[in-house]
Structures are given as structure tokens and as C-alpha cells.
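Have a look at the structure below, then the notes.
Just so it is clear, none of the values below were taken in a lab; they were calculated from the coordinates. As the structure is a prediction and not an experimental result, all values here were calculated from the model. So basically every Cβ, Gly included, is an ideal-geometry build from the backbone, and we count neighbours across all protein chains shown.
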Amino acid sequence: MNFLRIAAIGKSFGQNHVVKDFSLDIDKGEFISFLGPSGCGKTTVLRMVAGFEAPSAGRILLDGADITGVPSRQRNIGMVFQAYALFPNMTVFDNVAFGLKVAGVAKSDIATRVDEMLRLINLEHLADRYPYQMSGGQQQRVALARALAPRPRVLLLDEPLSALDAKIRVSLREEIRAIQRKLGITTIFVTHDQEEALSISDRIVVMNGGRAEQIGAPSDIYNRPATRFVASFVGTLNMIEAEVLDPNGTVRIGETVVSLAEPIVHRGPGEKVSLALRPEAGAVDRAEHGDTSLPGTVVSTQFLGSVIRVKLDVAGHRMSFDRFNAPDSRLPNIGDPARLHFAARDLLVVQD
Amino acid sequence: MKKGFPFASVMIAILAGAYFLIPLYATFQFSLQMVRGEWSLAAYRAVLGSNVFLATLSFSAIASFTAIVLGALIVVPTIYWVRLKLPRLRPLIEFLSLLPLIIPPVVLVFGYIRLFGSNSLLPLTTSDVGTNALLVVGYVVLSLPYMFRAVDNGMSVIDIATLTEAAESLGASRLRTIVSVIFPNVRSAIVSGAFLTFSISLGEFVLASLLNRPAFGPYLVQIGQDRAYEPAALAVMTFALTWACMLMMQIFATKKPGTRLLPRFRFRPAKEMPA
């Protein structure tokens, strides 16, 4: 049975429907990321799970019990905020101890648990510091320890890395994942950064316009995006339009007939279909790459050091491909004819 | 381009300083001339030796402290709640808090006397305790603009909504959140408001006089009519007290948790730990 069940919840602020019919089942110990652009409703769903917002529709069940109407303080769900939200008047020790004190844990047990949590985040030497005496990364680790100290049933992370610089973001996200694995705690992580979501999640929920566009493992989301939105939001993608010749998987791109690896659903012969190709799936002027090729014209080239980015016009569509730089390689000239080589199975059929 | 000497600004500052300091110095010098032909602190000794001085000062101090506590208990939860749950009401609350600056104290006190006089349903003015209570409430009202602004500024610095959510996610009730998280984090703001309240209500005249209370303000006026040197000494002492209040306010307002009152005891900020 699923540990956390979000059943058809919705949230409206007046006429503004922020979350629409959102459902998700999460297993115990799973690490789920909500990924989407600003305003897609991901934080609102998280806040409803935390109990800070009441759903306008639907239910939330935790370990079989309906917690939809339970106040946040009685849910035993830990939360880490984007802005750390450490209590400025308390030391690191007191911040981490706060939840335990509220729960009425004995003083000696509090000290033991706080020490354990501070060791977990490698900050046991900073127990007497105040939040303002620490860096952003340290504060967020303390916030994580504070949320974990009372042994919550679920851990919610609301864009916890957004306020940190790039280097700390990478190291802290690895640390968060390692701690989550060690404790086996069910976790929901909200982010707008696809790399973050892809790198640490068991499953990703890609959200758009208050709905879940696709739910799946990171590799599924990246390799088999279900919709045009998911395809364009997760990674860089080249889109190309084709005409369906046979719904079993034959299309025409420009003048070239291509056989796809999968049938085309909901499209009949003569209709248009959107296809997507990842930049790493195509190669320019390398005939040994893949089983299919399309003619094109070089539109622009960019020398980026280790990589050369070549933009092609293929059947009226701009497509961008990277190739590794080699000292003796020649940059193609703008206007040169070029052939795009790829494997037909890498062409993704994208639902609009 | 090299900037010239800011002549006009310096002149304005000197003039403004002179306008303020010369009368103060003159008052101070006059207060030292009680004994003919020599400088002495006789006027100060006379004031401090007076039982009435001590009685009225302690009465006003107690009334002021009570007003501070009552004001903080009203203002802090109100601003917290408005900022957290009713942000649309903020302009209205701000307007209400400024009313005491517009309505003269004399109007306020006559309103009290009419509302709580001997013919009213709640005749507070018929007893000492009742009248004292009215005086304290009056002080709370008079200091409302200052207390409100100080606490409101204090709350704008901390993200009370997120701190409240953080406390609640850790199991804290609303009351515990206010007591353990919100109050300590606006303590310096409350203290600033408290010193302002204290300096306003300590020498307040209109309310105390019309409610016929043995307060410090009416005593200052009374002694000003009867004596020559003591009022000057009292004026200097009151200034000193007010300035002490301002200094304390400044110290508390800039003090961070975990630091002593002197800045050299502050910790250095931590450097980023390599993870």
C-alpha cells in the first residue's frame, strides 16, 4: 500500500485554479521531485501536503489515515524552506532541539538526538553559533537537521538549494540524497532545476499549469517525454514536424521517409505530428552515426571550447547539435550543405 | 570630479545644532546659579531632596511601565496577526495607529471623562485605581504610533510567515510560536518602542493633569510656576533621562542575539565549509 497518497487534490484562490486534479502515490522511502516552471503549482501541492494550505478538492492520506483536515503541527511532516527559516534568536543547537522540546522529549534525550543530527550534517562543531554567524549552505544543513530531528514521517524540501551558489548546490544536493537514503525517509523535493531533479530523484513529477504532465523515473522523463511541454522543459530538444504516412510508424520529414520505432497514436495518414530529437542523438556529417539521415544547411556555428555547436536548417526547422572539438577539425561555414545523421529510434513522438 | 567643501550643509548643521544646544546650555548654566556668586549643584540637590519629586517620578515611572507592558501585549499580537492573516487590513491598522498624533490629548481625556465619568455605566473616574487605569490606557494610546512603528519595523525584518510555518511544522502551537519565536525576534523592536513610550509618558502633562493624578508632568509645571532654578535643573535632568532612553534604544535595536552590548565581543561570520 502507498505510504503517501495525494488523491485528486485541487486548489483555487478565487477564480485562479492553481492546482487541478493532482494525484500521486508515493511509496515509503521514495524520493520524489516536483519539477516545473514558476507558477506551475508545485509549491502549492507541497504546502497542501505540509498542511499550510487546505485543498479546495481531493484528499491526502498518510499511512492510510486521512490528514486533509489535520493542522500542520499535528502531521509530523518535516519541512525545509527556500529561505532556511532558522529561528534567528536561537543557536544551532536550540534550532535543532526546537521540535523535540515542543514534543516534550526529555532533556538528556534531546541533547543526544541533536548531537546525532549535527553529526549527520557534519556541523557538530557549530552547535553554539547563531544563524547569522553561518553561511547559507551551513544554515540550510541546519534547517535539514532541524526538520529531521523529530523523526518526521515525510520530509518536504521547498526549493532548498535555490538561494545557494552553484558549487554548494551540487554538494548539498548530493548530501541531501545521501542523508535521505541513510534514513530511508519519504521525501518530496520541489525544484525548477531539471538537473537537480534528474540527478537525485527516484521519480519526477513534471508539472505545468497546475497539473502533473508526466510522472516517471528520471530516465523515462528524459528519454520518453510524454508531452511537448515535458520534452521542452526537461533538457534541450530539437522539434521537427513530420507528415504521417502510416500510423504504424512511417512519416515523411521534408522529402525523406523515415520509419519510427513506435506507432503514432491518435494521428491518421496525412496529419502532422511533432517529433523531437535530443541534441546528443544527432551528428552532423558523420555517416557512421545512426541509420537515418536528413539533408540540411548550416545556419550558424559556435565554438564553445570543448564543444562546437552547429545549428542546421532541416526541412524548415532549426536544429542544434553539439560535437566534441578536435584540434584538426574544421568549423563548417554558414550556408554549407550538411547531413544530419541519427537513429530513427531516437526520434520521439510528442503529444501536444 | 573633486568635490568642494560642503559649506552649505555644514552651515545648516551648525545652525541647527546651535538652535538646539545653546538654549540647553543656557538652561544648564542657569541651573548652576542658585547660590549667588558661585557655580553649584544646589538646584539639583533641592530637586533630588524633595519627596514630591520622588513620589511623582515613581508614580509616572510605574504608570509608564504598565503602559509599556499593556501596549506591547496589544501591539505585538495585533501586528503579527495582521501581517500573517489579514495583510489587507494593514493600511487601516496603520491609520488607526496614527490617530493619536492627530487627535489632541485634551480631546482624548475629555472623551474619557465623559465616557467613564461619575454618570457613566463604568464610572472609572470615581476611584483612584480606576483613574490610574484610565491614565495608563491614555499613555498606551499616546504611545501607539511609536510602539506600532517600532514593532512593525521589527516584524518587517524577519519573515514571520515562514518562521511561523517552520515552527508549526515542528509541532508548535500558535501561542508557543508567538512566545518562543516571534516575541524574542522582535524584542529589540519592542524595547525601542518601550523607551519611546517611557520618554513620552514620563513627562506627560495633559492627561495626568486633567485626570488629577500626582504625576511627574504636572509636578514639572507646578514647580516651573513656583521656583526659578529648580525647573532649569529638572529640565536638564529630564533631557538627560530622555537621551539615556534614546541611547538604550539604539543599543538594543542594533544588538544581535549571542553578542554582548559592546561590539568588540561579536563573533566573526563563519566561512563556507567545504562539503
Principal axis dimensions, chain A - Cα atoms, whole angstrom, descending | 76, 50, 35
³J(HN,Hα) computed for each position of the range B:139-152 - Karplus, 6.51 cos²θ - 1.76 cosθ + 1.60, integer Hz, glycine/proline x = 4, 4, 5, 4, 8, 3, x, 6, 4, 4, 5, 4, 5, 4
Ranking A:PHE342, B:PHE65 by Cβ neighbours within 10 Å, fewest first, what do you get?
-> B:PHE65, A:PHE342
Sequence of B:PHE252, B:PHE20 once ranked by neighbouring C-beta atoms within 10 Å, starting from the fewest = B:PHE20, B:PHE252
Go from 0 up to the bin containing the longest alpha carbon distance in the range A:105-242, width 5 Å each, and give me the % of pairs per bin.
-> 2, 9, 17, 18, 17, 13, 9, 7, 5, 3, 1, 1, 0, 0
Once phi for every residue in the range A:85-102 is put through the Karplus expression 6.51 cos²θ - 1.76 cosθ + 1.60 (θ = phi - 60°), the whole-Hz ³J(HN,Hα) values, with Gly and Pro written as x, are 6, 6, 6, x, 7, 10, 6, 4, 4, 5, 4, 5, 7, 3, x, 6, 5, 4
Place a label point 7 angstrom from the Cα of A:VAL299 along the Cα-to-Cβ direction, then list the residues of the range A:316-352 whose backbone nitrogen is under 16 Å away.
-> A:316-322, A:333-340
Going toward the positive end of the dipole of the range B:4-162, with +1 on Lys and Arg Cβ and -1 on Asp and Glu Cβ, which of B:SER118, B:PRO91, B:ILE68 do you reach last?
-> B:PRO91
Using a simple spin-label model with points 7 Å from Cα along the Cα→Cβ vector, what separation in nm is obtained for B:ASP226 and B:ILE74?
-> 3.4 nm
Residue by residue through the range A:265-279, which ³J(HN,Hα) values in whole Hz follow from phi under the Karplus form 6.51 cos²θ - 1.76 cosθ + 1.60 (θ = phi - 60°), with glycine and proline marked x?
-> 8, 6, 10, x, x, x, 7, 8, 9, 8, 10, 10, 9, 5, x
Extended-chain gain in nm, criterion 0.36 nm per residue less alpha-carbon gap, B:LEU115 and B:GLU38 | 22.4 nm
What whole-number value in cubic angstrom gives the convex hull volume per residue for the C-alpha atoms of the range B:116-243?
-> 135 Å³
Amide H to amide H, which residues 5 or more places from A:SER56 or on other chains are under 5 Å from it, using H placed in the peptide plane?
-> A:GLY10, A:LYS11, A:SER12
So, with +1 on the Cβ of K and R and -1 on the Cβ of D and E, and no other charges, what is the size of the charge dipole of the protein assembly as shown about its Cα centre, to the nearest 20 debye?
-> 1800 debye
Over chain A, calculate the relative contact order: mean separation of alpha carbon pairs under 8 Å at least 6 apart, over the residue count, as a percent.
-> 16 percent
Taking every residue in A:79-90, how many Cβ atoms of other protein chains lie within 10 Å of its Cβ, on average?
-> 6
Could you give me the percent of Cα pairs per 10 Å distance bin for the range A:236-350, shortest bin first, beginning at zero and ending with the bin that holds the maximum distance?
-> 15, 47, 27, 10, 2
How do A:THR91, A:THR187, A:THR227 line up, fewest other C-beta atoms within 10 Å first?
-> A:THR227, A:THR91, A:THR187
Give, rounded to the nearest 20 debye, the magnitude of the charge dipole that the range A:4-232 has about its Cα centre when Lys and Arg contribute +1 at Cβ and Asp and Glu contribute -1 at Cβ.
-> 280 debye
What residue among A:VAL80, A:VAL258, A:VAL234 has the largest mean-square fluctuation in a Gaussian network model of chain A, using Cα springs under 10 Å?
-> A:VAL258
Express the relative contact order of chain B as a whole percentage, based on alpha carbon pairs under 8 Å and six or more residues apart in sequence.
-> 25 percent
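Return the average number of partner chain Cβ atoms within 10 angstrom of each residue Cβ along peptide B:157-165.
Taking the mean over all residues of the peptide, I get 4.
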Would you pull out the residues with amide H under 5 Å of B:LYS256's amide H, same chain only if 5 or more places away, H placed 1.01 Å from N?
-> none
In Å, the Kirkwood hydrodynamic radius of the protein assembly as shown over pairs of distinct alpha carbons?
-> 30.8 Å
Most mobile of B:ALA172, B:ALA244, B:ALA16 per a Gaussian network model of chain B (Cα springs, under 10 Å)?
-> B:ALA16
Sites A:ALA65 and A:SER171 - FRET efficiency at Förster radius 30 Å, r taken between beta-carbons, to 0.05 = 0.25
